[in-house]
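The block underneath contains the structure these notes are about, expressed in structure tokens.
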Amino acid sequence: NLTHSNIVAMQKALTDKGIYSGPVDGIIGAGTLSAVNQFAKSRNLPTGSNFVTIEVAKDLGLSL
């Protein structure tokens, strides 16, 4: 359940980790998905081509 506020939180977390440099706008675009997958791979978590796995969302500190 990635709400707008959860996506913003995810983008902020990825920005804080130095993985994402795009806009923090609450929209899951190509840049956000690329950063999510880069983060997931660095943590040996599952990745998705057009979605964010629950494991990744939780590891980024999102409350779902």
- Inter-label distance for SER5 and SER63, nm, one decimal - labels placed 7 Å from Cα along Cα-to-Cβ: 0.9
- Message: Ignoring ligands, DNA and RNA, please state the percent of accessible area on the chain from carbon and sulfur, probe 1.4 Å.
- Response: 49
- Query: In deg cm²/dmol and to the nearest 500, what is the mean residue ellipticity at 222 nm of the chain if only DSSP H runs of at least 4 residues count, each as -39500 (n - 2.57), divided by the residue total?
  - Reply: -15000 deg cm²/dmol
- Message: If I build a Gaussian network model for the chain, linking alpha-carbon pairs within less than 10 angstrom, which residue out of LEU14, LEU33, LEU45 has the largest mean-square fluctuation?
- Response: LEU45
- Task: Go through the range 9-23 residue by residue and turn each phi into a ³J(HN,Hα) via Karplus (6.51, -1.76, 1.60, θ = phi - 60°); whole Hz please, and just put x for glycine and proline.
- Result: 4, 5, 5, 5, 4, 5, 5, 4, 7, x, 9, 10, 10, x, x
- Task: Hey, can you find the accessible area per residue of the chain for me, probe 1.4 Å, expressed in square angstrom?
- Result: 58
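The values are calculated or read from the model by the stated rules, or taken from the named source; none is laboratory data. If you're wondering where the values come from, they're calculated on a predicted model, not measured in any experiment. Every residue, glycine among them, receives a Cβ derived from its backbone with ideal geometry; neighbour counts consider all protein chains shown. Side chains included, ligands, DNA and RNA excluded: accessible areas come from the protein's heavy atoms. Shrake-Rupley method; radii C 1.70, N 1.55, O 1.52, S 1.80 Å.
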